[in-house]
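Before any comments, here is the structure.
The values are calculated or read from the model by the stated rules, or taken from the named source; none is laboratory data. Remember, it's a predicted structure, so these values are computed and weren't measured experimentally. Here the Cβ positions follow ideal geometry from the backbone for every residue, glycine too, while neighbour counts run over all protein chains shown.
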Amino acid sequence: FGEYNAQPKFNGLHAYVQDSMQIGRFAINPGLRFGRYDGGWRVTGNSSVYKDTFVDPRLGVIWDINGNARSALKAHWGRYHEKMFTYLFDREASGQASIADQDCFFDSETGEYSDCDTPTAIRAGIGKIDHPYVDELVLTYEQQFGNTMSLGVDLIDRRFRSIMAMVNVNQDYDKVVAVDNPITGGTLPIYLLQSPPEFVLTTDNGAYRDYRSAVLRFEKRYSSH
């Protein structure tokens, strides 16, 4: 609370095309989506600090195994970019959105603060940007029972990439090796920064998140019996 005073603005443009075709027992659904975002500051700072353009392909295939629409094997792959969020650039330096704060020592006996450090606002430049996205693969088998019941199994694989982070690109470190680590034994390397950090907001930082799941579904539609 009180750490940010942001007045951002951004706009986006999206367009997509999609088709569907039938080849024997196979239904094929290809698609393509275009997107563009441009974000910046409305009052203080640069009006455009975050810009990216992307194209998202996707493809779905359905195989009617027996040709009677009762047993189906489905596969889908697609790339989906995240919608626009202020957090992607709210620490950019020109906007001055992050408010300076400081750490102090609180004396419980006197109820006063002392030994405060210098107020500091952590702000960053803009580095390489590739708008955050997820690649999703879904494999599904569905079986129809009677007219109202079906059973399905879904295998889902999602891979989240281009996660935004603020990183220090200053490599001015001195290495110190601590010996006799009391927890694990041996030595422990410690890297001491020798000059002020240089922060950059970038999606080129190695961060990732993977998600995999298996879902068993049973559905029963309403009937007159």
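General observations
- So residue 44, is it at pLDDT below 95, of a type in the set (Val, Ile, Thr) and farther than 30 Å from residue 5 by Cα: no
- Looking only at residues in the stretch 121-167 that are out of contact with any Lys or Arg (no Cβ under 9 Å at 6 or more places or on another chain) and closer than 30 Å to residue 74 by Cα, the one that is modelled with the lowest pLDDT is 146.
- Scanning the stretch 17-59 for residues that are touching a Ser or Thr at 6+ places or on another chain (Cβ under 9 Å), of a type in the set (Gly, Ala, Ser) and more than 27 Å from residue 128 (Cβ to Cβ) turns up just one, 27.
- Residue identified as surrounded by 11 or more Cβ atoms within 10 Å (Cβ to Cβ) and among the charged types (D, E, K, R) among 115, 174, 130: 130
- Only listed residue being closer than 30 Å to residue 121 by Cβ and surrounded by 13 or more Cβ atoms within 10 Å (Cβ to Cβ), chosen from 27, 75, 93, 100: 93
Condition check ((1) on the phi < 0 side of the Ramachandran plot; (2) surrounded by 11 or more Cβ atoms within 10 Å (Cβ to Cβ)) across all residues:
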{"position": "146", "(1), (2)": "no, no"}
{"position": "155", "(1), (2)": "yes, yes"}
{"position": "162", "(1), (2)": "no, yes"}
{"position": "186", "(1), (2)": "no, no"}
{"position": "199", "(1), (2)": "yes, yes"}
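- Test: residue 218 is among the aromatic types (Phe, Trp, Tyr) and either farther than 30 Å from residue 52 by Cβ or not in a strand (DSSP E or B) (or both): yes
- Matching residues in the stretch 1-34 - criterion: being within 23 Å of the chain's Cα centre (by Cα) and without any contact (Cβ under 8 Å) to a residue 60 or more places away in the chain: 9, 11, 13, 14, 15, 16, 31, 32, 33, 34
- For the stretch 168-179, filtered to residues that are of a type outside the set (Lys, Arg) and part of a strand (DSSP E or B), the residue that is nearest to residue 78 (Cα to Cα) is 168.
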